[in-house]
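Read-outs throughout are calculated quantities, based only on the coordinates presented, and are distinct from any laboratory measurement. If you're wondering where the values come from, they're calculated on a predicted model, not measured in any experiment. Counting neighbours? That spans all protein chains shown, and the Cβs are built from the backbone with ideal geometry, glycine included.
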Ligand SMILES: C[S@@+](CC[C@H](N)C(=O)[O-])C[C@H]1O[C@@H](n2cnc3c(N)ncnc32)[C@H](O)[C@@H]1O
């Protein structure tokens, strides 16, 4: 994601995976800010923590939790990043509900997702590189 988070305090990276966006955000918010990367996959979080340690960043933490039930207080996030989890989730309404709860009034949500604008050709459906198949 190319959005700038400079000067902000608390950033939540929902479905952080191996943590790339969280680590970039941690550099942007600086020592006064904090980043919380959340993912339900322990394997992804292990990779994220490994990268965090290599970079020596102390303003980012990775938490194992479900996007539908965030372990965060109401109105506690200035910004939320979501990069690529909606296609994987049937419970999108619940995710948006919990996001509305944790995001401060006037906070921002930066989202990125692959969107299918028309049906895939049948020969494209079975390809492993195609996330919609
Ligand atoms: C396509 S990956 C994207 C990872 C990361 N945002 C990135 O851009 O590299 C989606 C990630 O979301 C996580 N995820 C999917 N659904 C989730 C949910 N309901 N709660 C928590 N994490 C979820 C997966 O474990 C996976 O790490």
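Using alpha carbons only, how many degrees (0 to 90, rounded to 10) separate the axis of helix 20-29 from the longest principal axis of the chain?
30
If the elastic network links every pair of Cα atoms under 10 Å, which of 36, 115, 24 fluctuates the most in the Gaussian network model of the chain?
Maximum fluctuation in the GNM of the chain, among the listed residues, is at 115.
So what's the gap between the Cα centers of the stretch 107-129 and the stretch 67-99, to the nearest angstrom?
One Cα centre to the other: 19 Å.
Based only on other Cβ atoms within 10 Å, what is the fewest-to-most ordering of 62, 110?
Final ranking by Cβ density, sparse to dense: 110, 62.
When a/c reaches 1.5 or more, the comparison of a/b and b/c decides; with that in mind, is the stretch 10-114 rounded, prolate or oblate per its Cα gyration tensor?
Cα axes put the stretch 10-114 in the oblate bin.
Only Cα pairs within less than 10 Å get springs; with that Gaussian network setup on the chain, which residue of 37, 84, 19 has the largest fluctuation?
Most flexible of the set in this elastic network: 84.
Counting only helical runs of four or more DSSP H residues, what would the 222 nm mean residue ellipticity of the chain come to if each run contributes -39,500 (n - 2.57) and the total is spread over all its residues?
It lands at -8500 deg cm²/dmol.
Got a sec? How would 104, 54 order by Cβ neighbour count within 10 Å, fewest to most?
Ascending Cβ contact count within 10 Å gives the list 54, 104.
Using the count of nearby Cβ atoms within 10 Å as a rough guide to exposure, how do 113, 121, 68 rank from fewest to most?
121, 113, 68
Please state the shape class of the stretch 13-71: rounded when a/c is under 1.5, otherwise prolate if a/b exceeds b/c and oblate if not, all from the C-alpha gyration tensor.
It is oblate, given that a/c is not under 1.5 and a/b is not larger than b/c.
Of the candidates 77, 32, 46, which one comes out as most mobile in a Gaussian network treatment of the chain with C-alpha springs shorter than 10 Å?
Evaluated over the chain, the most mobile residue of the options is 32.
Need one number: % antiparallel among DSSP beta bridges in the chain, to the nearest 5.
Antiparallel bridges: around 0 percent, rounded to the nearest 5.
So how tilted is helix 42-55 from the main axis of the chain? Cα-based, degrees 0 to 90, rounded to 10.
50
Given contacts defined as C-alpha pairs under 8 Å and at least six residues apart, what's the relative contact order of the chain, whole-number percent?
The value is 23 percent.
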